[in-house]
Amino acid sequence: MFYRENGQFKTSYRADSQIFPIAQDRVGIALLLVFAIVGVPLLADEYLFRAILIPFLILSLAAIGLNILVGYCGQISLGSGAFMAVGAYAAYNFFIRVDGMPVVLAILAGGLCSTVVGVLFGIPSLRIKGLYLAVATLAAQFFVDWSFLRIAWFTNYSSSGTVSVADLSLFGVPIASPAGKYLFCLGFVLVFALLAKNLVRSGIGREWMAIRDMDVAAAVIGIRPVYAKLSAFAVSSFIVGVAGALWGFVHLGSWEPAAFSIERSFQLLFMVIIGGLGSIMGSFFGAAFIVILPIFLNQALPALGALFGISISTAVIAHSEQMLFGGLIVFFLVVEPHGLARLWSIGKEKLRVWPFPH
């Protein structure tokens, strides 16, 4: 009853094409941002920052990048973990080898290196698609894993293969506390989410979606498949590479190539499928689901077992997590292919006509 477009008049094209055309949405997003920037650092404890909020923000950013490629352009990728690794290791080498390199520039430079690798492995998409393209991007994952394991220069000749960063600062302000790391990641996520949202609403975004829906018809009406596909790989790899650098610098601090294994690629793909293909909001829903579900199972299953007098081991909990992920993916692919984002949209549509039946 209070969620209506009635009386919300627009007198310019710019006002009509804004991201949130309904005033209630703009107010809600503004309040959410104020709470995220001001309220969360004051209310959350260290465990909440390290276990939930920081991983959620970084994985949301990576899911946004992958969603541009898979959801908006329709190019299947199983190599997002490799692009995260390229971003992390490239940022690490820029940070330690260039004196006085600011951490933000190092992270963005890591994203640019990931862009180059992503475009390189995106070239096969000009001739192949579907399962064959998925195998080609999977080759990128294996190649990158082998490179960071075998070429010692990438790890600064570390004998253990582990790299670490410390003493991060932004404009002279140390990024050491959990709240500081959270705000640092939040800044990146807000900027790139806004950038991605505007990109998919622009001309290049419409080209991506035309290629996704029917590439032959898109080429007939004048869309260049080479430009559209490679630009999707470039933008996606850049955002995923930045997320990988944040994952290594901010969340892990010390990491090895196993931190960006093929399991990470599948995890990001699960986020996109569960959250919603072709939806920026769905990327946040998928990341929240993937981050919170294991914590919920670790707390709920032992309590449930104790209630019935059954001891549940950690191995059973881990296997239950994988089984639940698989079942949910099948469920969403069959019942609601557009994921949680579509359910959110249906709820908003129902709210806009409530209490009327239509």
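The values are calculated or read from the model by the stated rules, or taken from the named source; none is laboratory data. Bear in mind that the values here come from a model prediction, so they are computed numbers and not experimental data. Cβ sites come from the backbone with ideal geometry, for glycine too, and all protein chains shown count toward neighbours. Ligands, DNA and RNA are excluded from the accessible area calculation, which covers all protein heavy atoms including side chains. Shrake-Rupley method; radii C 1.70, N 1.55, O 1.52, S 1.80 Å.
Please determine whether any residue of the stretch 195-214 is closer than 30 Å to V70 by Cβ, open to solvent by less than 30 Å² (accessible area, probe 1.4 Å), out of contact with any Leu (no Cβ under 7 Å at 6 or more places or on another chain) and of a type in the set (S, T, N, Q). There is no residue in the stretch 195-214 that is closer than 30 Å to V70 by Cβ, open to solvent by less than 30 Å² (accessible area, probe 1.4 Å), out of contact with any Leu (no Cβ under 7 Å at 6 or more places or on another chain) and of a type in the set (S, T, N, Q).
Entry remark, the stretch 221-246: residues being among the β-branched types (V, I, T), assigned to a helix (DSSP H, G or I) and closer than 18 Å to K129 by Cα number 1 in total.
Note on the stretch 158-186: residues that are open to solvent by less than 70 Å² (accessible area, probe 1.4 Å) and more than 30 Å from I37 (Cβ to Cβ) total 4.
Identify, by number, the condition in (1) crowded, with 21+ Cβ neighbours inside 10 Å; (2) at pLDDT below 95 that L61 doesn't meet. (2) is the only condition that L61 fails.
On the basis of being touching a Leu at 6+ places or on another chain (Cβ under 7 Å), over 25 Å from L78 (Cα atoms) and of a type outside the set (D, E), does L170 make the cut?
Taking the combined requirement at face value, the residue does not satisfy it.
For the stretch 19-56, how many residues are without any contact (Cβ under 8 Å) to a residue 60 or more places away in the chain, part of a helix (DSSP H, G or I) and open to solvent by 40 Å² or more (accessible area, probe 1.4 Å)?
Selection size over the stretch 19-56: 14.
Selection of the stretch 120-157 for residues being within 13 Å of S77 (Cα to Cα), open to solvent by 60 Å² or more (accessible area, probe 1.4 Å) and of a type in the set (S, T, N, Q) yields an empty set.
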